[in-house]
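Chemist: Please find one structure pasted underneath; my questions will follow.
The values are calculated or read from the model by the stated rules, or taken from the named source; none is laboratory data. No experiment lies behind these values; they were computed from the predicted model shown. Ideal geometry is used to build each Cβ from the backbone, glycine not excepted, and the neighbour counts take in all protein chains shown.
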C-alpha cells in the first residue's frame, strides 16, 4: 500500500510538471501570436481602396516633434504620427488620451486605442469615410480614416464577445467625462490670456449649411433637415467673431469627430443620433452632425436636457395670478397670456426625474392636481391644456395660494420615515416654488410672514421661493421680502418683457448644489424617425479659482451613436443596464438616491393613480373633504370680495334684526342661539398650516400625509402588480417594481374623471385623449422652442410610466 501511494504521488508530480510545461508553451505561443499580430497591425498600410499616406507635415514639424493644436493650445507629438501605416497613434498622446508623459488616462474614451492613418480623400472609396483633420492649425486638406485600418465600433466588439449592455455606460460616460475634463482645462487656459486665440478656426454656422450635401428621400434623416454634413460640426453663436468660443469649438469638434468616426456608421448613416453641447453664458450651441437649421428663437438653455444637468432632480410648484388685472394688455398680449407662456416654458425644462404642480389664484385658489405629480409626457401635456384654459377674474389672494403652495412643498421635502407614501411624489433632492403676480394682495401682514416661516424655517434644507412681479402696479415690496425670506430671488418684469425666459431661469439659481461628476440619462423619442434614443449628459464647470464651479456648459451623447436601442437590448445585462442608468439619473447631489426606495414603495403602481385636471376643473383640494363636488374644493379668500362681503353682512344684519323683532313680538320669547351651518362650513374650509399638513373640512383622523384613504376600495396597496390598459403605446422607459425587478412596460394615456374624489386614490385611469402628440408644441423636445423651423430636429421625452 505504501509503494502504491508513492507511485501515485510520483505520477501526480510528473503530471503536474507536465501540466506546467503545457501552460508555459501555451503562454509562449500566445505571446508570439500577439507579437506577430502586433507586427502585422503596425505594418498594415490600410485597405488598397483607401491606402495610408505620408502627407507633407514639415510645416508643422520642428526637429522630431510635430506641433498639434487643440483649442489654441499646442502639444508636441513624436514623429511619425498618423503616416504610412495603421497604428493606435493616440494611445499615449495628450490631452484626451494620456498625460504629458504618455501615461494613459484611466477614463479615456474608446477611440484612444483604435487604429487609424492619414489618407488621401480623393483616393478613398466612400465606404472608408475619411474625416477632415483639425489637429493641425491651417491644414485644410488633411484627412484620416479608422475604417481603412479595419477598426470596428464598440457594439461590433461587444456582439462578437457577447459582452454586457452595461458597457455602454462605461463607453458613453468615459466619452463625456473626457470632454468635460478637456473643455474645463481648455477654458481655464484660454481665460488666462496665455494662448494665441487667433489661430482658432471660424465657426460653421448651422444657419448657413446651404452647401451641405442634400439628404436623400430614403434616408432616416429625411425630414430632420434638407442638407447635412456628417464630416463636421455646426454651431449657433451669439457672436461669431468671439475667439474664445472659436477655440472651444475647435476642441469640441475634435472630440465629437473622433467619437463619430469610430462609433457611428459614417457610410450608411442609418441611425438617428446626436452629439451636442450648450454653453451657459449666452446659449452658444455646437452639434454633430452639421445640418441646415434656422435658429429662430431657439435657446438650448431652456431645453430639458440642459436643465436636467444644471439643477438635477427637482420638484417645481408654479403659482400663477389670474386675478382681473391679469387681463390687462402687456405689449401684444395680455399679462395672463404672458404668464401662461412662462408657465409652459418652465414645464418644458422638466424631465422624467422631476415632479411638478401648477396652482392658479384670484380670490379662489385652484390647481391642476392635488399634489406634486410625476413629469410624464401625458401629465405635462394635460397640465399645459389646463393652463391654457385659465381666465382672468377676481381679486388677489396671496394668503391662501401661498399656504397651498407651501403645504405641498413641505410634503415634498419632509417625510415621516421611509414608508411615507409622499416619497413617491417627490424627487427628494430640491424643491422650488415659483410665484407670479401683477397686483397688491387682498390682505397681508407680519403674521403671514411668520406663518410661512414656521412651515419653511430653513430654506437651505427646505425649499426656495422665487417671486415675479409683472407690469405696473405689482407689489414688489411683499414679493421681494418673501423671496428673501425663503432663499430665492425676486424679479420684476415690465409689461411686454420676456417673462417666459425670466421665469424659466429658476434652475440656474439652484445649480450650486448639483453633482459635478454625474452623468445623467434621458430617454426620448425623435419625432422624425419615431426612434427611441437615449442620451447621457454631463455638466462642464468653470474650475478657475474663485468661480465656485459655476456651470460652464452641458454636453450630451446619444447612445445611438454606437447602436440602436433595439440592438442593445439583445445584449446580456440589458435589464441591469436600465436599472443602473435610472439609479444614476435619480441620485441627488447630497448622495441621497431615492431609486431603491421607490421600488420598495412600488411607486410605479402608485403613479397610475395620478390624475390631472381638465380645463376649468380644480383638483387642488380633492385629496381632502374640503369643498363640494361642484366647487372642486375651492378655497376662497378671507379678504376676497371685501366690498361684496360688507354689503352682504349689512343686509343680513338688517334682515336678522327684522326677524328677531317679529319673533319676539309674535311669540314673546327669544330664539335659541345656534351657529349657522353655512358659517361653520366656511370656517372649516379656511386652510391652515400646521407642520406642513393642510387641514380642510371635517374628515376622519389620519396622519398629515393624506395621500391614501384607508376606506377607499380602489386604494392601491404596496407591491401590487401594474394593471394593463388598452390603447397603450409601448416604450422602453424603465419601470420600477417591488424587489428591484425591471421590465418594459406599456405607457398609459391618461383620461380625466371629472368628479373623482381624489386623484391620489382613484382606481385605474380610463384611456383618454391626452396621449403624446409627436408634433405638438415641442413639449419635451430636445430642440423645441419658439420659432421652431420645419427642418429643426424635434425630440420628445418618453413617458417614464
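Chemist: Please indicate, with yes or no, whether at least one residue in the range 112-125 is free of Cβ contacts under 8 Å to residues at least 24 places away in the same chain and either buried (at least 17 other Cβ atoms within 10 Å of the Cβ) or within 22 Å of residue 266 (Cα to Cα) (or both).
Modeler: Let us first name the residues in the range 112-125 that are free of Cβ contacts under 8 Å to residues at least 24 places away in the same chain, namely 121-122.
Narrowing the set further to residues that are either buried (at least 17 other Cβ atoms within 10 Å of the Cβ) or within 22 Å of residue 266 (Cα to Cα) (or both) leaves 121-122.
Yes, the range 112-125 contains at least one residue that is free of Cβ contacts under 8 Å to residues at least 24 places away in the same chain and either buried (at least 17 other Cβ atoms within 10 Å of the Cβ) or within 22 Å of residue 266 (Cα to Cα) (or both).
Chemist: Of all residues in the range 454-489, which are surrounded by fewer than 21 Cβ atoms within 10 Å (Cβ to Cβ) and assigned to a loop (DSSP other than H, G, I, E, B)?
Modeler: Of everything in the range 454-489, those that are surrounded by fewer than 21 Cβ atoms within 10 Å (Cβ to Cβ) and assigned to a loop (DSSP other than H, G, I, E, B) turn out to be 457, 458, 459, 460, 461, 462, 472, 473, 475, 487, 489.
Chemist: Confirm whether residue 309 is part of a strand (DSSP E or B), surrounded by 23 or more Cβ atoms within 10 Å (Cβ to Cβ) and at pLDDT 90 or above.
Modeler: In short, no.
Chemist: Please work out which one of (1) modelled with pLDDT of 95 or more; (2) over 24 Å from the mean Cα position of the chain (by Cα); (3) crowded, with 24+ Cβ neighbours inside 10 Å is the condition residue 438 fails and give its number.
Modeler: Result: residue 438 fails condition (1) only.
Chemist: Continuing with the same structure: With the checklist (1) in the same structural domain as residue 582 (by TED's automatic domain parsing); (2) surrounded by fewer than 21 Cβ atoms within 10 Å (Cβ to Cβ); (3) part of a strand (DSSP E or B) in hand, flag the one item residue 492 doesn't pass.
Modeler: (1)
Chemist: From the residues in the range 137-160 that are at pLDDT 70 or above and surrounded by fewer than 14 Cβ atoms within 10 Å (Cβ to Cβ), which one is farthest from residue 263 (Cα to Cα)?
Modeler: 138
Chemist: Turning to a different aspect of this structure: Are any of the residues in the range 373-384 assigned to a strand (DSSP E or B) and under 19 Å from residue 585 (Cβ atoms)? Full working, then the answer.
Modeler: The initial filter retains those residues of the range 373-384 that are assigned to a strand (DSSP E or B), namely 373-374.
This time we only want the ones that are under 19 Å from residue 585 (Cβ atoms), so: 373-374.
Yes; the residues of the range 373-384 include at least one that is assigned to a strand (DSSP E or B) and under 19 Å from residue 585 (Cβ atoms).
Chemist: While we're here: Please state which one of 202, 239 is more than 21 Å from residue 260 (Cβ to Cβ), in a loop (DSSP other than H, G, I, E, B) and out of contact with any strand residue (DSSP E or B) (no Cβ under 9 Å at 6 or more places or on another chain). Give the derivation first.
Modeler: On the way: 202 fails: more than 21 Å from residue 260 (Cβ to Cβ).
Of 202, 239, the one residue that is more than 21 Å from residue 260 (Cβ to Cβ), in a loop (DSSP other than H, G, I, E, B) and out of contact with any strand residue (DSSP E or B) (no Cβ under 9 Å at 6 or more places or on another chain) is 239.
Chemist: May I pose another question? Can you tell me which of 218, 226, 231 is more than 22 Å from residue 555 (Cβ to Cβ), under 29 Å from the mean Cα position of the chain (by Cα) and modelled with pLDDT under 95? Lay out the reasoning, then the answer.
Modeler: Numbers: 218 fails: under 29 Å from the mean Cα position of the chain (by Cα); 231 fails: more than 22 Å from residue 555 (Cβ to Cβ).
Testing whether each residue is more than 22 Å from residue 555 (Cβ to Cβ), under 29 Å from the mean Cα position of the chain (by Cα) and modelled with pLDDT under 95 leaves just 226.
Chemist: Follow-up. Identify, by number, the condition in (1) at pLDDT 95 or above; (2) crowded, with 24+ Cβ neighbours inside 10 Å; (3) over 21 Å from residue 506 (Cα atoms) that residue 424 doesn't meet.
Modeler: Just one mismatch for residue 424, condition (1).
Chemist: Residues of the range 495-509 being closer than 9 Å to residue 311 by Cβ and surrounded by 21 or more Cβ atoms within 10 Å (Cβ to Cβ), which ones?
Modeler: Of everything in the range 495-509, those that are closer than 9 Å to residue 311 by Cβ and surrounded by 21 or more Cβ atoms within 10 Å (Cβ to Cβ) turn out to be 506, 507.
Chemist: Just checking, how many residues over the range 609-623 are modelled with pLDDT of 95 or more and outside any loop (DSSP other than H, G, I, E, B)?
Modeler: 0
Chemist: Further question on the same structure: In the list 282, 303, which residue meets the criterion of being over 13 Å from the mean Cα position of the chain (by Cα) and either farther than 30 Å from residue 402 by Cβ or buried (at least 24 other Cβ atoms within 10 Å of the Cβ) (or both)?
Modeler: 282
Chemist: Let me ask something else about it. Residue by residue through the range 541-590, note down the ones that are free of Cβ contacts under 8 Å to residues at least 40 places away in the same chain, within 19 Å of the chain's Cα centre (by Cα) and exposed (fewer than 15 other Cβ atoms within 10 Å of the Cβ).
Modeler: Scanning the range 541-590 gives no hits.
Chemist: Which of the following residues is buried (at least 20 other Cβ atoms within 10 Å of the Cβ) and closer than 25 Å to residue 176 by Cβ: 86, 97, 50?
Modeler: Unique residue meeting the criteria: 97.
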